[in-house]
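Notes follow the structure.
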Amino acid sequence: MAESCPSGRSNFNPLSSINRDSELPKQDCTSPSPTETVCLESLCTTDNAPGTSQNHLAPLSDKLDEIFRINQSDEETGKTSFLNKLGLEECDEEDSFEKEENWEDCTEGDLSEENQELEEDEDSSEIFSGSPPGPHQTTPRSSYAKRSGSYATDRYWRKRKLDVQNGFPCKKLLPEKKSDVTSMPFEPSARAPTAPETNGTTPSDKKSRLVIPTKDNPPPEMSDWLTQFQKWSNAERILAISELIARCEPTQVRHMMQVIEPQFQRDFISLLPRELALNVLSFLEPKDLLRAAQTCRSWRFLAEDNLLWKEKCRQAGIDEIPKRRCSPRSPGTQMSPWKAAYMRQHAIEMNWRSKPIRPPKMLKGHDDHVITCLQFCGNRIVSGSDDNTLKVWSAITGKCLRTLVGHTGGVWSSQMSGATIISGSTDRTLKVWDAETGDCIHTLNGHTSTVRCMHLHGNKVVSGSRDATLRVWDIKTGACLHVLVGHLAAVRCVQYDGRLVVSGAYDYMVKVWNPEREECLHTLQGHTNRVYSLQFDGVHVVSGSLDTSIRVWEVETGACKHTLMGHQSLTSGMELRNNILVSGNADSTVKVWDIVTGQCLQTLSGPYKHQSAVTCLQFNNRFVITSSDDGTVKLWDVRTGEFIRNLVALDSGGSGGVVWRIRANDTKLVCAVGSRNGTEETKLLVLDFDVDSNSSTTISR
């Protein structure tokens, strides 16, 4: 086996020049003699030393021969025994540099003392010319005589690092044994175990570290670390924090978040001036404002601002403050009136949408006749029938307050304003009634056929008749103010805004009139069949015809702006608000239109659509309510066109039960129902969606 030499002469093999036939007494391989150690050192150190030569190796040949004739098995046994004492293990040649460093770390302190003792004993002939003393031998020097044989063996092996480099395979310290080796004393009496020291800390320091560190008892190194951190620049601190976070465990990162997050929580609303704070809150939805009011007293004070809630009411289409509050308030607290109005309106909307429908009031009085017209104003309901009468009902109690008797033919049209009722009949007259007393104030004569339609504005009413004329009446005096002649067939529908009159007739034409001059301003031609319905907002005229089309006209020029196509039959009912038109058709569908663009926004159909002709409809900025010959009243979302639910579903629906007319306000729905074959009794159904005094008005999410 070729051995390497520290001097760099890797090809040198001292065994090649030794006479292995010479006989020398064999010695214990576990502990080489001092002379052997010196010889091995000379092989690696005298080559380049000044004043030395290869002739110095000759006197040592006999000793070297004796060393290398040691039995191989005895040699391995000796080495193993010695390495176990030192806590060493074998390693490969690649770890030779690590072996050197570990060896120096291990022996630096202990060998310094041994070197001093060896220099004192260099003149001893026993050390350099003979084998190491045995267990019972003594040397001429007393210092050496005190040492045992085993100690001398350990000393010489640990003294010479070069012996290991040249005579044995490379060794390294076991990691778990390092602390034991570095603290190993030379005197057997000093081998009592001691507590190992780690990273320069004393046992007392380690004991104090067992206490959980706190702000009052931090680790001693923390102060220096924080001082250094404070000396760094901003960029250096950011870098240090980034590196620190990268080395933290998840639990430590979570702790950082818990400490840092509160630093960014500021009540900026309370810190702002009141005007700015209210401006910020104005961007919140009402339900978010209610949550904000529950945060703290300052937020509650801001969230109760009356002007803030007035704007929310304006956006929701609430124009007036209710006379009563929606819920009682505790003493010492005050709710904004506009907030109370908004919350009440929201509670009502939830009653329409999802709350259980209360059992309706049933108003009976027209026997088996058809209810031909229906009006609903305030707490009064007025129904006209082909039984020649009108009835006034209380919407609160459901009782019939009075019956208006005087017509000699069926009542086919009516209008109501406050306590004044106007009715038109097949007896060719109009009558003006006092709803409070039930008296007939005026009978308006002039038409020569059935009064089929009318429209009231202020103190004037315009009536249309099958005699193809229109008349303007003063309901205070009962005088006929104007007669409008021009249609060629029965007038079926009329609208009056106080300035202009618009009429539609069976002659396929729509006419715009100046009633003061009794002049026809425009004849709107384009329909190819009878005109059955009209809407007029002062700017646009919308007409529905049996030709399935709906036309939008400009009232000032008479030009047709849009032709709305999509229905398949007669448009029986329409309603126009803020350029949004809702039309009901005999094809069982309902459509929502934008009359400015002519676009159909929604078609209320699908699996829940009506199964027969739509008879009547009403809508606001939230809902569309429709009735049909199929005996149902349906509620739809006007924005999305989604079906919400059935408000009325007659048991006789589909077999003769019909909903003829509907009228509704914010809290009540009145339906005129019956049948033409006797399957359903004629009556009025009144559904109440007002806020119950015991119900909660919390705005849902």
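The values are calculated or read from the model by the stated rules, or taken from the named source; none is laboratory data. Everything quoted here is computed from the prediction, not taken from an experiment. Heads up, the Cβs are rebuilt from the backbone with ideal geometry, glycines too, and the neighbour counts pull from every protein chain shown. Ligands, DNA and RNA are excluded from the accessible area calculation, which covers all protein heavy atoms including side chains. Shrake-Rupley method; radii C 1.70, N 1.55, O 1.52, S 1.80 Å.
Considering only residues in the range 404-439 that are more than 19 Å from residue 386 (Cβ to Cβ) and more than 60 Å from the chain's Cα centre (by Cα), the one that is surrounded by the fewest Cβ atoms within 10 Å (Cβ to Cβ) turns out to be 437. Residues that are small (Gly, Ala, Ser) number at least 3 in the following strands (runs of 3 or more DSSP E) confined to the range 368-453: 380-385, 411-417, 420-425. Of all the residues in the range 568-582, those that are over 17 Å from residue 625 (Cβ atoms) and either surrounded by fewer than 16 Cβ atoms within 10 Å (Cβ to Cβ) or at pLDDT 95 or above (or both) number 4.
In the list 481, 534, 488, which residue meets the criterion of being farther than 30 Å from residue 568 by Cβ and either part of a strand (DSSP E or B) or over 60 Å from the mean Cα position of the chain (by Cα) (or both)? Write out each step before concluding.
Details: 534 fails: farther than 30 Å from residue 568 by Cβ; 488 fails: farther than 30 Å from residue 568 by Cβ.
One residue alone meets the criteria, 481.
With respect to the conditions (1) in a loop (DSSP other than H, G, I, E, B); (2) modelled with pLDDT of 95 or more; (3) within 20 Å of residue 373 (Cα to Cα), residue 462 lacks only one, and its number is (1). For the range 557-572, filtered to residues that are within 12 Å of residue 545 (Cβ to Cβ) and of a type outside the set (Ser, Thr, Tyr), the residue that is farthest from the chain's Cα centre (by Cα) is 570. Just wondering, is there one or more residues in the range 515-525 that are farther than 21 Å from residue 457 by Cα, part of a loop (DSSP other than H, G, I, E, B) and hydrophobic (A, V, I, L, M, F, W, C)? Taking every residue of the range 515-525 in turn, none turns out to be farther than 21 Å from residue 457 by Cα, part of a loop (DSSP other than H, G, I, E, B) and hydrophobic (A, V, I, L, M, F, W, C). Selection of first residues in the range 542-563 that are among the aromatic types (Phe, Trp, Tyr) and of second residues that are part of a loop (DSSP other than H, G, I, E, B), restricted to Cβ pairs under 9 Å at least 6 apart or on distinct chains, gives the following pairs, ordered by first then second residue: 553/526; 553/559. Note on the range 583-634: enclosed strands (runs of 3 or more DSSP E) holding 2 or more residues that are of a type in the set (Val, Ile, Thr) and open to solvent by less than 40 Å² (accessible area, probe 1.4 Å) are 590-594, 614-619, 623-628. Only one of the numbered conditions (1) open to solvent by 80 Å² or more (accessible area, probe 1.4 Å); (2) aliphatic (A, V, I, L, M); (3) modelled with pLDDT under 90; (4) over 30 Å from residue 335 (Cβ atoms) is violated by residue 259, and that is (1). Among the candidates 647, 604, which residue alone is at pLDDT 95 or above and among the hydrophobic types (A, V, I, L, M, F, W, C)? Only one candidate qualifies: 647. Of the residues contained in the range 373-384, one or more are found to be modelled with pLDDT of 95 or more, more than 33 Å from the chain's Cα centre (by Cα) and hydroxyl-bearing (Ser, Thr, Tyr). Of the candidates 573, 544, 558, 566, the single residue that is closer than 28 Å to residue 499 by Cα, in a loop (DSSP other than H, G, I, E, B) and not polar (S, T, N, Q) is 558. Residues considered: 521, 470, 481, 488. Of these, the only one that is out of contact with any helix residue (DSSP H, G or I) (no Cβ under 9 Å at 6 or more places or on another chain) and buried (at least 20 other Cβ atoms within 10 Å of the Cβ) is 470.
Test residue 477 against the stated conditions and say whether it is under 22 Å from residue 427 (Cβ atoms) and out of contact with any Cys (no Cβ under 6 Å at 6 or more places or on another chain). Break it down into steps so the answer makes sense when it comes.
On the way: under 22 Å from residue 427 (Cβ atoms): yes; out of contact with any Cys (no Cβ under 6 Å at 6 or more places or on another chain): yes.
For residue 477, the condition - under 22 Å from residue 427 (Cβ atoms) and out of contact with any Cys (no Cβ under 6 Å at 6 or more places or on another chain) - is met.
For the structure I just gave you, tell me whether residue 564 is in contact with a strand residue (DSSP E or B) (Cβ under 7 Å, 6 or more places away or on another chain), open to solvent by less than 40 Å² (accessible area, probe 1.4 Å), farther than 19 Å from residue 486 by Cβ and at pLDDT below 95. Before the answer, list the steps.
Working: in contact with a strand residue (DSSP E or B) (Cβ under 7 Å, 6 or more places away or on another chain): yes; open to solvent by less than 40 Å² (accessible area, probe 1.4 Å): yes; farther than 19 Å from residue 486 by Cβ: yes; at pLDDT below 95: no.
When the stated conditions are applied, residue 564 does not pass them.
Flag set for residue 388, criterion: touching a strand residue (DSSP E or B) at 6+ places or on another chain (Cβ under 7 Å), at pLDDT 90 or above and on the phi > 0 side of the Ramachandran plot. With respect to the conditions (1) at pLDDT 90 or above; (2) within 30 Å of residue 295 (Cβ to Cβ); (3) loosely packed, with under 10 Cβ neighbours inside 10 Å, residue 233 falls short on a single one, namely (2).
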